[in-house]
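Structure first, commentary second.
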Amino acid sequence: MFQIQRASPVYDVVVIGSGAGGGTVTQVLTNMGVSVALLEAGPMLNPAKDLKEHMWPYEVSHRGAGPGGAAYFGRDPYPFGYFAASFGDWKLDGEPYTVAPGSKFDWFRSRILGGRTNHYGRFSFRFSDYDFKPYSRDGLGTDWPISYDDIAPYYSKAEAFIGVTGTKENIRSTPDGVFQTPPPPRVHEALVKRACDKLNIPCIPNRMAVITHATNGRPACHYCGQCGRGCMTASNYASSYVQVIPALKTGRLKLFTNAMARELISNDEGRVTAVSYIDKETRQERMIRCRTVVLAASACESARLLLNSKSSRFPNGLANGSGMVGRNLTDSVGYDLGARIPALEGMPKYNSDGMGGMHMFVPWWNWEKMGLDFPRGYHIEIGGGFGMPEWGDFHDVCDHHEGYGAGLMDAIQKDYGVWAGLSGRGEMIPNDRTYCEIDPDVVDRYGIPVLRFHFAWSDYEYKQVNHMHETFRSILETMGGVVDGPKHLEDPTKAISVGGTIIHEVGTTRMGASPSTSVLNKYSQAHDVKNLFVADGGAFVSNPDKNPTLTICALAWRAAEYLAEEMRKGNV
Amino acid sequence: MSDYSSKRGGVSRRNLLQGMAVTAAAVSGVTPAMAQRARQKVEAERTASGTYQPKALTDHEYRTLQKLADWIIPAGANTQGALKAGAADWIDLMSSESEEMLGIYTGGIFWLDAAMRRMHGKNFANATEADQRELLDLIAYRKNESPELGPGIRFFAWARKMVVDAYYTSPAGIQELGYLGNKAVSKFDVPPECMDYAIKHSPA
């Protein structure tokens with residue numbers, strides 16, 4: 001069945017997955033002169049054709065509700081709206097996953113060049129020095145085998161290359177980096193900052209992977225507020241148009257799209273020699289030979305691939321001598337609260353689009369304060385402004401106001417742009433009840449065994465959600481806001497986000513000093529398989545309250561340089 | 001804000017990109033000309049100029065739905081209203097793609113006609129404005145829930161949210177709402193009068 005020709009080339013490096021990790025490895029290696037084969041399970045992205053940037057809702061016949069108005073019946077075919085560049089969903093046809101009884105978990109997958117970076121939030125916060133030593137600090141979780149100083153130069157390289165806005169603040173929880181000038185605050189963000197000033201909470205310009213001056217041939221942001229739709233001028237970061245498409249021009253990249261990796265083939269010496277994949281267009285299984293492999297299929301997908309790569313030498317899956325593949329899974333804690341802000345009622349309208357995300361945010365500020373009843377921090381994201389009207393925006397007003405005619409129109413006009421929302425994104429501590437494994441009973445349409453998820457929050461996270469609620473309420477009320485929620489949270493177990501829905505899943509192939517308790521060494525190289533690296537969030541040892549993408553890029557950059565050097569020395 | 005109509009159809013992806021640095025092509029491979037060609041050509045906003053032919057509803061149902069759209073978002077000093085913005089056309093289009101949606105509208109309009117006939121001996125669309133208002137004032141509010149009115153209240157909630165969606169995602173609705181974005185600008189600024197207003201109205 002294998003379509004393998006004896007004369008097929010042996011690639012120096014095969015990278016599996018073209019998101020933040022795979023894109024960064026591809027960019028770094030091709031620029032160093034290394035030839036790379038890149039496998040992506042989805043199709044090519046053609047930004048000019050595929051992105052819906054600047055489209056008005058009336059330019060699509062269903063206005064975003066889906067054919068036949070599917071969204072009115074709760075069958076919204078577009079998880080982040082019709083115009084988003086998500087190219088994926090919580091469920092994919094023919095590619096299921098299962099969730100163990102008693103657990104709730106949702107897994108978002110984007111099958112497209114660039115993966116989830118095409119639509120992601122682009123918030124780019126460095127981990128703190130203390131984030132790399134969580135066990136030493138509070139006795140929970142596990143320390144990383146690297147320190148902040150090890151990764152800091154790679155944060156700088158990644159920030160300089162992809163472009164990140166920000167300002168020097170000297171806040172320990174969220175270290176400063178190489179920043180481009182951020183845009184000024186929107187009105188509601190300025191009001192949040194005023195409230196935070198009164199409450200002694202820091203509120204600082206956002207660090208967002210958006211360029212505000214031309215960088216590496218990419219023009220500056222044009223402030224249309226639509227980063228989530230992808231950017232046709234590549235003025236924000238997505239690995240597709242910032243890294244992979246440019247890498248194609250080096251002549252050192254061979255891109256395989258619609259290539260769903262199935263298994264890593266290893267030899268008796270414990271080296272990976274080939275990658276077996278399904279060509280989705282022909283539904284044929286093929287093999288590609290390699291000197292080294294970099295897994296960057298996303299934390300859970302990479303764990304799945306390792307667990308499905310069993311051999312007599314690796315009966316528990318490849319590189320899984322520790323039994324840690326699939327374990328230590330975490331997502332970020334999520335909690336949101338909004339308020340109507342009377343001070344915004346009647347304010348003259350203005351174009352509040354700006355960058356496609358908040359211009360200000362609240363970094364964690366309590367890192368040295370003892371006496372909290374939960375161990376780890378969170379940051380606060382800010383929403384609001386006069387957005388482009390979209391399908392469903394005024395259903396709540398219709399519901400509350402009822403009626404029709406001038407009164408209803410008035411209510412809608414009064415509601416537009418007068419809301420501010422706060423979202424907490426907090427650190428979850430790995431626990432024994434949260435992991436993914438192979439479901440022995442289910443395969444996908446390509447015959448590949450699928451993942452089964454187990455997920456459980458603990459009191460550490462529930463108490464953090466309580467703190468988020470109290471903090472958000474005090475900020476919103478200090479603004480004069482009318483909070484859309486209870487005075488105190490009665491049951492944080494009902495208020496916390498569902499596992500996986502913040503789409504920050506990491507930790508499933510964690511790095512560590514010891515091969516008995518970790519999958520990767522401090523260079524993201526598998527302890528058990530020297531020519532195998534992992535460049536996605538799987539390498540994380542903890543999941544600090546800073547969105548993972550920037551750290552994925554920095555770790556991938558570091559791994560790629562190490563890999564190139566080891567190849568040069570003949571060590572892999 | 002008031003010159004939206006002059007911009008309508010003019011604020012396109014093409015125009016947006018034309019105002020931008022030509023280096024757009026350097027990395028992303030997208031030139032303004034390519035973007036122009038690539039732009040998905042969609043049907044221009046259809047207005048109730050008499051050119052729309054209902055695809056799913058009967059002429060009577062379509063006319064009744066137009067009346068409802070006119071009641072829900074009427075024309076006024078600041079807007080041409082939902083009828084001219086094509087709200088009934090859009091609901092008909094969605095109904096033509098979904099039996100479930102079509103059932104809501106055919107059933108709902110049937111109910112509306114039956115209720116009006118019982119009250120005033122006429123179909124809804126043929127009743128006087130005062131009679132139409134009398135019935136709508138009953139079914140536009142959940143507080144009037146009763147076995148007799150229940151189906152009408154639920155149907156009107158459907159019509160209201162769909163007319164609202166159709167209208168506020170149309171050029172007329174976007175203009176009336178006052179959304180000023182979806183354009184390429186070289187610098188992001190907040191007008192001082194907006195900031196001053198909000199701070200003046202905030203707690204000290």
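The values are calculated or read from the model by the stated rules, or taken from the named source; none is laboratory data. Quantities reported herein were computed from a predicted structural model and do not represent experimental measurements. A quick note on method: Cβ atoms are made from the backbone with ideal geometry, for glycine too, and the neighbour counts reach across all protein chains shown. These area figures cover heavy atoms from the full protein model, side chains too; ligands, DNA and RNA do not enter into them. Shrake-Rupley method; radii C 1.70, N 1.55, O 1.52, S 1.80 Å.
Using beta carbons and a limit of 6 Å, which pairs, at least six apart or on different chains, have the first residue in region A:324-347 and surrounded by 23 or more Cβ atoms within 10 Å (Cβ to Cβ) and the second one basic (Lys, Arg)?
A:Asn328/A:Arg510; A:Ser332/A:Arg425
Just to be sure before I move on: is A:Gly317 in contact with a strand residue (DSSP E or B) (Cβ under 9 Å, 6 or more places away or on another chain) and either assigned to a loop (DSSP other than H, G, I, E, B) or among the small types (Gly, Ala, Ser) (or both) in the structure I sent?
yes
Determine the pairs where a residue that is closer than 21 Å to A:Gly384 by Cβ, located within region A:167-193, has a partner that is outside any loop (DSSP other than H, G, I, E, B) and open to solvent by 30 Å² or more (accessible area, probe 1.4 Å) with Cβ atoms under 6 Å apart, the partner being 6 or more residues away or on another chain.
As it stands, the answer is A:Val187/B:Met195; A:His188/A:Gly384, since those pairs meet every condition given.
Just give me the residues in region A:67-82 being within 12 Å of chain B (Cβ to nearest Cβ) and of a type in the set (Ser, Thr, Tyr), in sequence order.
Hits for region A:67-82 are A:Tyr72, A:Tyr82.
Just the residues that are more than 10 Å from every other protein chain (Cβ to nearest Cβ) and touching a Lys or Arg at 6+ places or on another chain (Cβ under 8 Å), please, taken from region A:231-241.
A:Asn236, A:Tyr237
Looking only at region A:529-541, decide whether some residue is of a type in the set (S, T, N, Q) and more than 18 Å from A:Ala303 (Cα to Cα).
The answer is no, given that none of the residues of region A:529-541 is of a type in the set (S, T, N, Q) and more than 18 Å from A:Ala303 (Cα to Cα).
Please find, among A:Gly102, A:Gly141, the residue that is open to solvent by less than 40 Å² (accessible area, probe 1.4 Å) and either not hydroxyl-bearing (Ser, Thr, Tyr) or not in a loop (DSSP other than H, G, I, E, B) (or both).
Only one candidate qualifies: A:Gly141.
For B:Ala166, which of the numbered conditions (1) surrounded by fewer than 21 Cβ atoms within 10 Å (Cβ to Cβ); (2) assigned to a helix (DSSP H, G or I) fails to hold?
In the conditions (1) surrounded by fewer than 21 Cβ atoms within 10 Å (Cβ to Cβ); (2) assigned to a helix (DSSP H, G or I), B:Ala166 misses (1) alone.
Yes or no: A:Lys463 within 30 Å of A:Pro342 (Cα to Cα), charged (D, E, K, R) and over 22 Å from the mean Cα position of the chain (by Cα)?
Against the criterion (within 30 Å of A:Pro342 (Cα to Cα), charged (D, E, K, R) and over 22 Å from the mean Cα position of the chain (by Cα)), A:Lys463 does not qualify.
Condition (residue is among the basic types (Lys, Arg) and within 9 Å of chain A (Cβ to nearest Cβ)) applied to region B:168-183: is it met by at least one residue?
Checked region B:168-183: at least one residue is among the basic types (Lys, Arg) and within 9 Å of chain A (Cβ to nearest Cβ).
Within region A:420-442, identify whether any single residue is open to solvent by 10 Å² or more (accessible area, probe 1.4 Å), without any contact (Cβ under 8 Å) to a residue 12 or more places away in the chain and among the polar types (S, T, N, Q), and answer yes or no.
no
What are the residues in region A:184-226 that are out of contact with any Asp or Glu (no Cβ under 9 Å at 6 or more places or on another chain), part of a helix (DSSP H, G or I) and either facing chain B (nearest Cβ under 7 Å) or of a type outside the set (Asp, Glu) (or both), if any?
A:Val187, A:His188, A:Ala190, A:Leu191, A:Val192, A:Lys193, A:Arg194, A:Cys196, A:Lys198, A:Leu199
Hey, any hits in region A:536-553 for a residue that's of a type in the set (A, V, I, L, M), in contact with a helix residue (DSSP H, G or I) (Cβ under 6 Å, 6 or more places away or on another chain) and open to solvent by 10 Å² or more (accessible area, probe 1.4 Å)?
Within region A:536-553, one or more residues are of a type in the set (A, V, I, L, M), in contact with a helix residue (DSSP H, G or I) (Cβ under 6 Å, 6 or more places away or on another chain) and open to solvent by 10 Å² or more (accessible area, probe 1.4 Å).
Kindly indicate which of A:Val244, A:Val187 is of a type in the set (Val, Ile, Thr), open to solvent by less than 10 Å² (accessible area, probe 1.4 Å), touching a helix residue (DSSP H, G or I) at 6+ places or on another chain (Cβ under 9 Å) and over 20 Å from B:Asn182 (Cα atoms).
Matching residue, one of A:Val244, A:Val187: A:Val244.
Quick one: which residue in A:Gly88, A:Gly114 is surrounded by 19 or more Cβ atoms within 10 Å (Cβ to Cβ) and over 23 Å from A:Gly499 (Cα atoms)?
On inspection, the qualifying residue turns out to be A:Gly114.
Keeping to region A:150-183, report how many residues are within 14 Å of another protein chain (Cβ to nearest Cβ), in a helix (DSSP H, G or I) and over 18 Å from the mean Cα position of the chain (by Cα).
1
Kindly establish whether B:Arg160 is touching a helix residue (DSSP H, G or I) at 6+ places or on another chain (Cβ under 7 Å) and buried (at least 19 other Cβ atoms within 10 Å of the Cβ).
Answer is yes for this residue.
If I filter region A:488-498 for residues that are out of contact with any Leu (no Cβ under 7 Å at 6 or more places or on another chain), open to solvent by 10 Å² or more (accessible area, probe 1.4 Å) and polar (S, T, N, Q), do I get at least one hit?
Yes, region A:488-498 has at least one match.
For the condition open to solvent by less than 20 Å² (accessible area, probe 1.4 Å), within 20 Å of the chain's Cα centre (by Cα) and within 10 Å of chain B (Cβ to nearest Cβ), what is the one hit in A:Leu39, A:Leu51, A:Leu45?
A:Leu51
Which one of A:Gly251, A:Gly321 is touching a Pro at 6+ places or on another chain (Cβ under 8 Å) and open to solvent by 30 Å² or more (accessible area, probe 1.4 Å)?
Of A:Gly251, A:Gly321, the one residue that is touching a Pro at 6+ places or on another chain (Cβ under 8 Å) and open to solvent by 30 Å² or more (accessible area, probe 1.4 Å) is A:Gly321.
Limited to region B:190-204, what total is found for residues that are assigned to a loop (DSSP other than H, G, I, E, B), more than 7 Å from every other protein chain (Cβ to nearest Cβ) and closer than 29 Å to A:Ala220 by Cα?
0
Quick grid of which residues meet (1) over 18 Å from A:Gly64 (Cβ atoms); (2) open to solvent by less than 20 Å² (accessible area, probe 1.4 Å); (3) in contact with a strand residue (DSSP E or B) (Cβ under 6 Å, 6 or more places away or on another chain):
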{"site": "A:Gly383", "(1), (2), (3)": "yes, no, yes"}
{"site": "A:Glu390", "(1), (2), (3)": "no, no, no"}
{"site": "A:Asp396", "(1), (2), (3)": "no, no, no"}
{"site": "A:His400", "(1), (2), (3)": "yes, no, no"}
{"site": "A:Gly407", "(1), (2), (3)": "yes, no, no"}
{"site": "A:Lys414", "(1), (2), (3)": "yes, no, no"}
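I'm checking my understanding of the structure. Among residues of region A:240-296 that are of a type in the set (Ser, Thr, Tyr) and not in a loop (DSSP other than H, G, I, E, B), which one is farthest from A:Leu532 (Cα to Cα)?
Taking the candidates together, the pick is A:Tyr241.
Name the one entry in B:Ala125, B:Ala184, B:Ala115 that is of a type outside the set (Asp, Glu) and outside the structural domain of B:Arg63 (by TED's automatic domain parsing).
Only one candidate passes the filter, namely B:Ala184.
Search region A:403-421 for residues being within 8 Å of another protein chain (Cβ to nearest Cβ) and more than 13 Å from B:Met162 (Cα to Cα), and hand back the single one that is nearest to the chain's Cα centre (by Cα).
Here the answer is A:Tyr416.
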